[in-house]
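Only the coordinates and a few stated rules stand behind these numbers; no lab work does. Fair warning: this is a prediction, and the values are worked out from it, not measured in the lab. Don't worry about glycine lacking a Cβ; one is built from the backbone with ideal geometry, like all the others, and counts go over all protein chains shown.
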Amino acid sequence: MLRINAAITIPDSEITLTFVRSDGPGGQNVNKTATAVQLRFDAMHSPSLPEDVCRRLVRLAGRRMTSDGILVIDARRHRTQKQNRQDALERLTSLLQAAVQPPRTRRPTKPSKASRRRRLETKRHRAGLKRSRRSVRDDD
């Protein structure tokens with residue numbers, strides 16, 4: 001059972017862990033043991049996730065989400081299967097916790113009167129500098 005927050009928990013039956021051979025450190029042991037973990041979680045068809053959380057998760061997951069709605073997390077940072085399994089579950093938890101947080105609503109603001117005045121003064125100053133750099137024509 002994976003606890004995301006007080007309202008959302010994901011049963012272990014919805015998470016599939018497969019172990020594959022890992023590249024990287026480990027010497028000859030890498031060629032013999034499957035230490036890398038591939039975690040799969042079917043987010044689109046999960047009864048544990050509310051619809052709005054699922055939509056945010058799709059946006060947050062990016063390329064880690066397949067077209068079928070399955071979230072795939074590869075964990076191969078560590079040399080042991082146990083550490084990689086823990087790492088994959090932690091990464092899933094943090095991703096789901098980020099998806100649970102609703103995005104902050106943007107409140108449109110207006111520039112202050114002082115900032116508008118400063119902007120216009122800067123523009124006038126800049127225009128004056130450019131005007132002073134122009135060559136003076138003699139119309140005599």
Scalar couplings 3J(HN,Hα) for the range 50-65 by Karplus 6.51 cos²θ - 1.76 cosθ + 1.60 (θ = phi - 60°), nearest whole Hz, x for Gly and Pro, are x, 4, 5, 5, 5, 5, 5, 5, 4, 5, 6, 5, x, 6, 6, 9
Expected max-MSF residue from Arg63, Arg104, Arg116 in the GNM of the chain (alpha carbon, under 10 Å) is Arg116
Listing Met44, Met1 by rising number of other beta-carbon atoms within 10 angstrom, fewest first, gives Met1, Met44
Eigenvalues of the alpha-carbon gyration tensor of the range 76-123, times 5 and square-rooted, give semi-axes in Å, largest first, of 50, 16, 5
Counting all Cα-Cα pairs in the chain, those more than 18 Å apart amount in percent to 68 percent
Footprinting proxy, Val72, Val53: sorted fewest to most Cβ within 10 Å, the residues are Val72, Val53
Which of Ser112, Ser67, Ser13 fluctuates most in a GNM of the chain (C-alpha springs under 10 Å)? That residue is Ser112
